[in-house]
Structure formats: C-alpha cells, structure tokens
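K.L.:
I'd like to ask some things about the structure below.
The values are calculated or read from the model by the stated rules, or taken from the named source; none is laboratory data. All of these numbers come straight from a predicted model, not from anything done at the bench. All Cβ positions, glycine included, derive from the backbone under ideal geometry; neighbour counts span all protein chains shown.
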Amino acid sequence: MQRTISRALLAAITVAGAACGGEDGDTTSAPSTPYPLVDLVSTRHDDAVIGQAGWAHGQSATGDFDGDGTPERAVIIANAEDYRGRVLWNDGQIWQVYIEEPDGTRTYVYKQFLQLGSVLARVSRAEATDRPAAGNPAPSRILLLEQVPQRFSAYEVHYTGPGNAQVVSLLQRDYDLRSLFQGTPDP
Ligand SMILES: [Ca+2]
C-alpha cells in the first residue's frame, strides 16, 4: 500500500498559508511551527523504492518518526544509473523520500526532479519541547537539504502515521551556487 500527502492539504495551504489547514476536512494537525507548509510530492513521478532497477542511489535510516515507540525506516533514493558498482550521475535526477512502516506501508514526502541538484537527508532527534507529553517518546524528524544551482532549501518532515506527513520549509532562498569547492576527495 502506498500513500502520498493529501492533495487537499496543498489546497488548504494555498488558501490559508502557514495557518492550520483544517477547513477542507483535513484531519491532520499542523505542526506547531512558524514555518510554512509545502507539498514536495510531484504527481509526475511514479512511486519508486530503494533497490529498484535504475535507482542506484539509495540510503535509509531508522527512527521513531511518529513517536509511537516503534521505529520506521526513512529512505532517500535517486534514479541515478549504476556502472560496476559506481553511481553515475546525469544532469538531472528524480529524488524521492519516503517513510516505511514495518508492514511495508510507504508514505512519500518528497518527489522532485532536480536539474544539477541533490538532496541530503538527515535524521534529527526531537527537542524536548517537541514531546507530546511527559513519558512519551519524542518523534524524530527528517531534515532535507536541497540544492540546485539557483536555490538552497531546507525542509523538516513531520510524520504522524501512514498517509499523514507534513513538510515545513525552513529555508527557500535563491542563490547563485555555480561556484563550487574543489579538492580531494571530490564532494
Ligand atoms: Ca514510530
């Protein structure tokens, strides 16, 4: 079973900005954050999974992202080619990020084609203020750092269960990033 972020959520975001988007029957609660919500799941791209042919870039991390005491797996993949065990990058790749429950249910939070860009994913332990109640496990967060030659962005994923995830935009800023660091090893 595969689920993506509700399209109704995007409509609610468009109308209400960063405010709580509950007016369209959205049952998920907006994260308590001053940052705006964004929908980064493009419907142009079919769901892909780690290890799938043609998706040579795949990394995963475990964490309790919904705070229910059971770990899920977060996965980031890109449809880069593979040649003799080495990842071959083209000018552009589709990048996808999803959270997978132990039963295999996947919730996609990111699907984007990036031209000359990349996404770095990290798992963050939640701060104490994020704990829903004393004694409850604090949910981990997924941080996504996205860079393309003209923009640098940072996102935080809030996952509350299968089919329920929201992404807040911590930073989306236009830059000219074409001047690269050079050296060894090649980053
Ligand atoms: Ca969990």
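K.L.:
Return a yes/no flag: does segment 31-44 have any residue that is in contact (Cβ under 8 Å) with a residue 40 or more places away in the chain, within 27 Å of P149 (Cα to Cα), more than 16 Å from the ligand (Cβ to nearest atom) and acidic (D, E).
P.N.:
Checking segment 31-44: at least one residue is in contact (Cβ under 8 Å) with a residue 40 or more places away in the chain, within 27 Å of P149 (Cα to Cα), more than 16 Å from the ligand (Cβ to nearest atom) and acidic (D, E).
K.L.:
Separate question: In this structure, is V49 closer than 15 Å to E156 by Cβ and either more than 16 Å from the ligand (Cβ to nearest atom) or at pLDDT 95 or above (or both)?
P.N.:
Values: closer than 15 Å to E156 by Cβ: no; either more than 16 Å from the ligand (Cβ to nearest atom) or at pLDDT 95 or above (or both): yes.
No: the conditions fail for V49.
K.L.:
Considering only segment 70-85, state which residues are assigned to a strand (DSSP E or B) and more than 6 Å from the ligand (Cβ to nearest atom). Write out each step before concluding.
P.N.:
Here is the first cut: in segment 70-85, the residues assigned to a strand (DSSP E or B) are 72-78, 81-83.
The answer is R73, A74, V75, I76, I77, A78, E81, D82, Y83.
K.L.:
For segment 128-187, which positions are on the phi > 0 side of the Ramachandran plot and either modelled with pLDDT of 95 or more or polar (S, T, N, Q) (or both)? It would help to see each step written out before you state the result.
P.N.:
Of all residues in segment 128-187, those on the phi > 0 side of the Ramachandran plot come to 135, 161, 163, 183.
Of everything in segment 128-187, those that are on the phi > 0 side of the Ramachandran plot and either modelled with pLDDT of 95 or more or polar (S, T, N, Q) (or both) turn out to be G161, G163.
K.L.:
Within segment 156-170, work out how many residues are part of a strand (DSSP E or B) and either in contact with a Phe, Trp or Tyr (Cβ under 7 Å, 6 or more places away or on another chain) or more than 16 Å from T33 (Cα to Cα) (or both).
P.N.:
As a first pass, look at segment 156-170 and keep what is part of a strand (DSSP E or B): 156-161, 164-170.
The next check asks that each one be either in contact with a Phe, Trp or Tyr (Cβ under 7 Å, 6 or more places away or on another chain) or more than 16 Å from T33 (Cα to Cα) (or both); those that pass are 159, 161, 164-165, 167-170.
Of the residues in that region, 8 qualify.
K.L.:
If the Cβ limit is 8 Å and pairs must be 6+ apart or interchain, which residue in segment 55-69 that is within 15 Å of the ligand (Cβ to nearest atom) pairs with which residue that is among the aromatic types (F, W, Y)?
P.N.:
Hits for this filter: F65/Y159; D66/Y159.
K.L.:
Another question about this same structure. Quick check on segment 92-110. Is at least one of its residues of a type in the set (K, R), surrounded by 13 or more Cβ atoms within 10 Å (Cβ to Cβ) and more than 16 Å from the ligand (Cβ to nearest atom)?
P.N.:
No: segment 92-110 contains no residue that is of a type in the set (K, R), surrounded by 13 or more Cβ atoms within 10 Å (Cβ to Cβ) and more than 16 Å from the ligand (Cβ to nearest atom).
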